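Trainee: Take this structure, written in structure tokens, and hold onto it; I'll ask about it next.
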Ligand code: KG4
Ligand code: ZN
């Protein structure tokens, strides 16, 4: 079965062709970084306009790179949410129109679940022992879920304020680094000392698996600009590297500690990772060192950041188990909460 996937939930316009849920024939992503970096973040209205321009060329390119025609596609899959409403509508309406035009079924999938599926499709021969843990680390979400199967997830912990990628982007802005900040912080941190600044990630009373990164970001701000923004000091290049390294180390140590705790509490040996921040190689190394007893499944290259291959892959899987959606019935969903796991609440 050949699935055409479409992703447009935020600032990437993407289309991919995937065979049998894991075999990627093409994976095209049109990034909008050039458009948004001057504003230091995504401007929703501009993102929508760029999606309009990019959508059809990206679909054509994906078909061409896969060497197939539209008529050879068996299923259209699209990200239905969570994300920016206008951006989602662009992708969903394109998918609906394609589905009606070629008379092929259509399915809407959850973008966050697709991030976790990205790691599963990166390890197609791995036999997953459910329940396992899913850890989503992206620009919009930070959550630990108990995965009882693909499509059956219970929330065990989530951020109460900033998402981890958002914290990276905000700290990058404070350090006057370009948007998106994650890769720039990672590069700078590689040359800094992790122990130079005693930053702390947030802990929440009676909620050991929840996250809070807003205080950590504010500590970085105060370190650099002073409490009243009056005592701002110019950091030397050396100090900037140390701030980046100490911030990154603090944020990742917190994610590792909470993941290990969640794995213990729920008796899981396997952890599936998803989201743009999992592209960070230091994070992967830190996990391997701190928790060698966990079987960590990371997305392969091209599948960490927003992409449509993960949408097509998850679309295939859901189609096999639940059938397709009615094109006229699917609405864009800006928020899709995970079911709560009572044991962890
Ligand atoms: O999953 P994603 O592409 O989009 C969302 O669904 O949010 O994640 C984007 C986020 C951005 O905040 C970006 O700064 C962060 O992922 N990111 C990184 C790295 N690469 C991207 N964060 C840390 N280290 C990286 N190497
Ligand atoms: Zn994403």
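Since every read-out is calculated from the coordinates, none of them should be taken as a lab result. Predicted model only: the values in this text are computed from it and were never measured. Quick reminder, even Gly has a Cβ in these numbers, built from the backbone with ideal geometry, and neighbours come from all protein chains shown.
Trainee: Using only the C-alpha atoms of the range 36-138, find the volume of their convex hull and express it per residue in Å³.
Mentor: Per-residue hull volume (Cα only) is 145 Å³.
Trainee: Over 5 Å intervals from 0, what percent of Cα-Cα pairs in the range 258-317 sits in each interval?
Mentor: Computed distribution, short to long bins: 4, 16, 25, 21, 15, 14, 5.
Trainee: Also, quick follow-up: Residue 261 versus residue 71, label points 7 Å from Cα toward the beta carbon: distance in nm?
Mentor: Going by the 7 Å Cα→Cβ label model, 5.9 nm.
Trainee: Here is a further query. Using alpha-carbon pairs under 8 Å, 6+ residues apart, how would you state the relative contact order of the range 167-215 in percent?
Mentor: 24
Trainee: According to the square roots a ≥ b ≥ c of the eigenvalues of the Cα gyration tensor, what is the shape class of the range 73-188, taking rounded for a/c under 1.5, prolate for a/b larger than b/c otherwise, and oblate for the remainder?
Mentor: Oblate is the answer for the range 73-188, as a/c is 1.5 or above yet b/c matches or exceeds a/b.
Trainee: How much of the DSSP beta bridge set in the chain is antiparallel, as a percent to the nearest 5?
Mentor: 60
Trainee: Quick one: Debye curve from the alpha-carbon atoms of the chain only, equal weights, vacuum; give me log10 I(q)/I(0) at q = 0.07 Å⁻¹ to two decimals.
Mentor: Debye output, listed in q order: -0.29.
Trainee: What do you get for the angle between helix 237-266 and the principal long axis of the chain? Use alpha-carbon atoms, 0 to 90 degrees, nearest ten.
Mentor: The angle comes out at about 60 degrees.
Trainee: Calculate how steeply helix 111-122 sits against the longest principal axis of the alpha-carbon atoms of the chain, using the helix alpha-carbon long axis, and give the answer as 0 to 90 degrees to the nearest 10.
Mentor: 80
Trainee: Give me log10 I(q)/I(0) at q = 0.10, 0.12, 0.15, 0.21 Å⁻¹ for the range 169-311, Debye formula, one equal scatterer per alpha-carbon, no solvent.
Mentor: The Cα Debye sum returns log10 ratios of -0.38, -0.54, -0.83, -1.37.
Trainee: Another question, if that's okay. Over the chain, what relative contact order in percent results from Cα pairs under 8 Å that are six or more residues apart?
Mentor: Worked out over the chain, it gives 26 percent.
Trainee: Compute the helix-to-body angle for 281-290: its Cα long axis versus the longest principal axis of the chain, expressed 0 to 90° and rounded to tens.
Mentor: With both axes taken from Cα atoms, the answer is about 70 degrees.
Trainee: Continuing with the same structure: Output the Cα-based Rg and Dmax of the range 150-199 in Å, rounding Rg to one decimal and Dmax to a whole number.
Mentor: Rg and Dmax of the range 150-199, Cα atoms, are 14.5, 42 Å.
Trainee: Something else about it: Return the distance in nm (one decimal) between the two label points of a simple spin-label model at residue 334 and residue 295, each offset 7 Å from Cα along Cα→Cβ.
Mentor: 4.1
Trainee: What number do you get for the range 1-48 when its Cα radius of gyration is normalised by 2.2 N^0.38 Å, N = residues?
Mentor: Compactness ratio reported: 1.41.
Trainee: If you don't mind, another one. Show me the ranking of peptides 117-127, 243-253, 307-317, 203-213 by mean Cβ neighbours inside 10 Å, starting with the highest.
Mentor: So the peptides 117-127, 243-253, 307-317, 203-213, ranked by packing, come out 307-317, 243-253, 117-127, 203-213.
Trainee: For the range 1-124, what proportion of DSSP beta bridges, expressed in % and rounded to the nearest 5, is antiparallel?
Mentor: In the range 1-124, approximately 60 percent of DSSP beta bridges are antiparallel ones.
Trainee: Report, in deg cm²/dmol and to the nearest 500, the calculated mean residue ellipticity at 222 nm for the chain, where each DSSP H run with n ≥ 4 adds -39500 (n - 2.57) and the sum is divided by the residue count.
Mentor: After summing the helix terms and dividing by residue count, I get -13500 deg cm²/dmol.
Trainee: Over the range 1-139, what is the mean sequence separation of C-alpha contacts under 8 Å (at least six apart), divided by residue count, expressed as relative contact order in percent?
Mentor: 26
Trainee: While we're here: For residue 148 and residue 281, what does the FRET efficiency come to when R0 = 25 Å and r is the distance between their Cβ atoms, rounded to the nearest 0.05?
Mentor: Result of the calculation: an efficiency of 0.25.
Trainee: Please pull out the direction-averaged projected area of the range 177-239, using the convex hull of its alpha-carbon atoms, in nm² to one decimal place.
Mentor: Mean projected area of the Cα convex hull: 5.7 nm².
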